[in-house]
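Notes for the one structure printed next.
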Amino acid sequence: MPLIQLDKLMKHYPMGGTMVRALDGVDLSINGGEFVSITGHSGSGKSTLMHLLGCLDRPTSGRYMLDGLTVSNLSDRALAQVRNSKIGFVFQTFNLIQRTSAIDNVAVPLFYGRQSNVREKSIKALERVGLGPRSTHKPSELSGGERQRVAIARAIVNEPKIILADEPTGNLDTKTSEQIMGIFHELHQAGVTIILVTHEMEVAVQAERVIRMRDGKIIDDRNLDESSRNDLVSGNYAIPPKKSPPPIAKPVGS
Ligand code: ADP
Ligand code: MG
């Protein structure tokens, strides 16, 4: 059974009398241990999909099965429980609490589940991302790359099965971005399922599988080998043509 299974997932937002179809019928399955990237233009629905995958929101319709459980219609409370036990988030803007130390930031997810050994677990997570010696620093005393490492440590402190990262290298220079990607590779090798949103194809092709979105739909989904990786980086891939709306039928007799 796949770890993640989406069937005809829709997410619509009302907007000034019309509906924005942020997700417009997404079917997707992801197995445990995969490293998947999701790419596509701004507004194509990537973040909406990540929010739903991360149980931060519910679909308008369709079904989401996560680890054998149908989560699309769970209560807020149950959804929060699933989220906290199975999923770690990493965001482009790090989303750290500014006034507190790295170690206290990392400890935040541990307070939902009344966990013991909070300090040890937090330090272990920081060490895993190479930040052990910086554990007492506040975000303002850390570089962008170090802040993102703190955020990754926070994401893994509960040992989730899945890491969801939305443009995690979007605010970082190339070298720092490579270091952050290195951490995702290590986590993947350790068995964590990684789903990463990026609009940079060079970053996307580091995954095993690349999904491309447009207008709330998946338009391409492929497992990568050496040649398809090169094709994607060089822009040499076939994208299905953008569908034009069907012609308006003339009324009979006109
Ligand atoms: P991406 O992350 O690919 O840039 P998003 O998932 O953020 O795309 O957005 C997809 C579409 O849904 C866009 O047209 C966006 O304006 C719209 N959208 C996203 N969130 C909301 C919201 N909370 N309310 C209204 N429209 C939204
Ligand atoms: Mg986005």
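The values are calculated or read from the model by the stated rules, or taken from the named source; none is laboratory data. Since the model is a prediction, treat every value here as computed from it, not as a measurement. Positions of Cβ are backbone-derived with ideal geometry, glycine not excepted, and every protein chain shown enters the neighbour counts. Note: accessible area is taken over every heavy atom of the protein model, side chains too, but ligands, DNA and RNA are not part of it. Shrake-Rupley method; radii C 1.70, N 1.55, O 1.52, S 1.80 Å.
Of G17, G45, G191, which has the largest mean-square fluctuation in a 10 Å C-alpha GNM of the chain?
G17
One quarter of the convex hull surface, Cα atoms only: what value does that give for the chain in nm²?
If I average the Cα hull's projected area over directions, I get 17.5 nm².
With the other protein chains left in place, how much accessible area per residue, in square angstrom, belongs to the chain at a 1.4 angstrom probe?
Normalised by residue count, the accessible surface of the chain is 53 Å².
May I ask you to work out the translational diffusion coefficient for region 40-142 at 4 °C, viscosity 1.567 mPa s, via Stokes-Einstein with Rh from the Kirkwood sum over Cα pairs, reported in whole µm²/s?
Value of D from the Cα-based Kirkwood radius: 82 µm²/s.
When the Kirkwood radius is taken over all Cα pairs of region 117-242, what Stokes-Einstein diffusion coefficient follows at 4 °C and 1.567 mPa s, in µm²/s?
81
Under the rule of -39500 (n - 2.57) per DSSP H run of 4 or more residues, summed and divided by the residues of the chain, what mean residue ellipticity at 222 nm is obtained, to the nearest 500 deg cm²/dmol?
Helices in the chain give a 222 nm mean residue ellipticity of -9000 deg cm²/dmol.
For a Förster distance of 45 Å, can you work out the FRET efficiency between the beta-carbons of N31 and S143, rounded to the nearest 0.05?
E(calc), rounded to 0.05, equals 0.80.
Once neighbouring chains are kept in place and the probe is 1.4 Å, which whole percent of the accessible area of the chain is contributed by carbon and sulfur?
The nonpolar share, carbon plus sulfur, comes to 50 percent.
For region 72-129, state which trypsin sites (Lys or Arg not before Pro) are in a DSSP loop and have at most 16 other beta carbons lying within 10 Å of their beta carbon.
R99, R114
Please give the charge dipole size of the chain, origin at the Cα centre, charges +1 on K and R Cβ atoms and -1 on D and E Cβ atoms. Round to the nearest 20 debye.
It comes to approximately 800 debye.
Along each of the three principal axes of the Cα atoms of region 121-169, give the extent in whole Å, ordering the values from largest to smallest.
Result for region 121-169: principal-axis Cα extents of 29, 26, 14 Å.
Once you mark the chymotrypsin sites (Phe, Trp or Tyr not before Pro) that are in a DSSP loop and have at most 16 other Cβ atoms within 10 Å, what is the longest gap between them in the chain?
The answer is 113-236.
Which residue fluctuates most in the GNM of the chain (Cα springs below 10 Å): S72, S227, S143?
Fluctuation is largest for S227.
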